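The values are calculated or read from the model by the stated rules, or taken from the named source; none is laboratory data. It should be emphasised that the depicted structure is a prediction, and the values quoted were computed from it without experimental measurement. In this analysis, Cβ positions are derived from the backbone assuming ideal geometry, glycine residues included, and neighbour counts consider all displayed protein chains. When the accessible area is computed, the model is the full protein with side chains, heavy atoms only, and any ligands, DNA or RNA have been set aside. Shrake-Rupley method; radii C 1.70, N 1.55, O 1.52, S 1.80 Å.
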Amino acid sequence: MSMVHAPLPATKTESTSASVAGGRPPKRGFSLITARPWLLLAPGLAILAVLMLWPLIQVVIYSLQDYGLREINTGESNWIGVDNYVEALTDPTLWTVVLPNTVGFAAVAVFVTVAVGTLVALLLAKLGTVWRTIVSSCIMVAWAMPAVTGTYVWTFIFDADRGIFNTVLQDLGLMDDPVNWFTNQWSFYAIVLLNVVHHGFPFVAITVLAGLLGVSKEMLEAAALDGANAWMRFWKIIFPTLKPVFSVVIILSTIWDFKVFAQVYLMPGGGGGNRSVLNLGVWSYVESFGQNRYGFGAALAVLLTLVLIGITIVYIRSLMKEDEL
């Protein structure tokens, strides 16, 4: 006598597999687990929306208007579309003065800042723990110094009448009369470069130092025994190892140096008195608050923001690639 066994009910796993095999994907309901990251981010995102997103939207709205003192007093809107952008992009000042100053200065400043910071990091890596801590603390003072304070210090050093630089050159007999270094475009940006590099190299030095301490000492010693000098060890071992670190440092420095404002505006002639030294940030400020052309200044600010957003996208992609490694 044969017995027929009834089939057992399918388990949850088997039923899920069967539904997937049959072409019906499992339903994904909205649960607390999937919503938890967004709930944790919600307060920060709300603050960013209030402090950054809404002001940015307002700037874009103003950039589409002929917005000046009359519009502020009357509350009326004078919409002109993209005329401000057309005027900005067709203005010779943008292509002959502002853009070369902004891009050229950022390129040189990033190169010099990263180079000086890397050299200082290599020096710190050679020091003992005590001296490394002391020197690192000293150079961080320059990074902690406000940009306004640093700018006034460098302005005093190169002052035409009482500046230390002119006094030393005159005492050495290298020049007879004092020179106003802020009237020439090249000497003006050379002083700004010193200011920016002095303020920015500590960040690069400490960041690169953190990476250097993780480089294999055995590999460096083996390369030295094989006859590789310090230059070869840096380019063949240290630089490839720290390439993600250098990518982040370079992109961050590029963002900061593109939007340099105080170091230019607070210098003598940098606030619009000397039009040959304008960069994109200062030009936007001068047109807005100096000429009361808030709509045109807003358009310039939007253009600068778009450039910075592009650089930020590159920065985020580099971070994502670093995480993948």
Members of segment 255-298 that are β-branched (Val, Ile, Thr), under 22 Å from Gly200 (Cα atoms) and assigned to a helix (DSSP H, G or I): Ile255, Val264, Val277, Val282
Qualifying position, being surrounded by 15 or more Cβ atoms within 10 Å (Cβ to Cβ), in contact (Cβ under 8 Å) with a residue 40 or more places away in the chain and either among the charged types (D, E, K, R) or in a loop (DSSP other than H, G, I, E, B) (or both), among Thr155, Thr207, Thr183: Thr183
Condition check for Leu252: of a type outside the set (Val, Ile, Thr) and in contact with a Ser or Thr (Cβ under 7 Å, 6 or more places away or on another chain): no
Residue check for Phe296: at pLDDT 90 or above and surrounded by fewer than 18 Cβ atoms within 10 Å (Cβ to Cβ): no
Output for segment 73-95, where each listed residue is of a type in the set (Val, Ile, Thr) and touching a residue at least 12 places away in the same chain (Cβ under 8 Å): Ile80, Val82, Thr93
So Leu40, is it at pLDDT 85 or above, farther than 25 Å from Leu280 by Cα and open to solvent by 60 Å² or more (accessible area, probe 1.4 Å): yes
Total residues in segment 260-275, condition surrounded by fewer than 17 Cβ atoms within 10 Å (Cβ to Cβ) and either of a type in the set (Ser, Thr, Tyr) or under 15 Å from the mean Cα position of the chain (by Cα) (or both): 1
Residue that is farthest from Phe239 (Cα to Cα), among those in segment 119-146 that are open to solvent by 30 Å² or more (accessible area, probe 1.4 Å) and small (Gly, Ala, Ser): Ala144
Inter-residue pairs, beta-carbon under 8 Å, first assigned to a helix (DSSP H, G or I) and in segment 36-56, second surrounded by 10 or more Cβ atoms within 10 Å (Cβ to Cβ), 6+ apart: Leu56/Thr305
Failed condition for Thr305, given (1) crowded, with 19+ Cβ neighbours inside 10 Å; (2) of a type outside the set (Phe, Trp, Tyr); (3) under 22 Å from Gly81 (Cα atoms): (1)
Residues that are open to solvent by less than 40 Å² (accessible area, probe 1.4 Å) and touching a Leu at 6+ places or on another chain (Cβ under 7 Å), drawn from segment 216-237: Ile237
Positions within segment 52-88 being modelled with pLDDT under 85, farther than 16 Å from Ala301 by Cβ and open to solvent by 70 Å² or more (accessible area, probe 1.4 Å), in sequence order: Leu69, Arg70, Ile72, Asn73, Thr74, Glu76, Ser77
Residue within segment 168-176 that is without any contact (Cβ under 8 Å) to a residue 12 or more places away in the chain, open to solvent by 70 Å² or more (accessible area, probe 1.4 Å), within 29 Å of Ile206 (Cβ to Cβ) and not charged (D, E, K, R) present: no
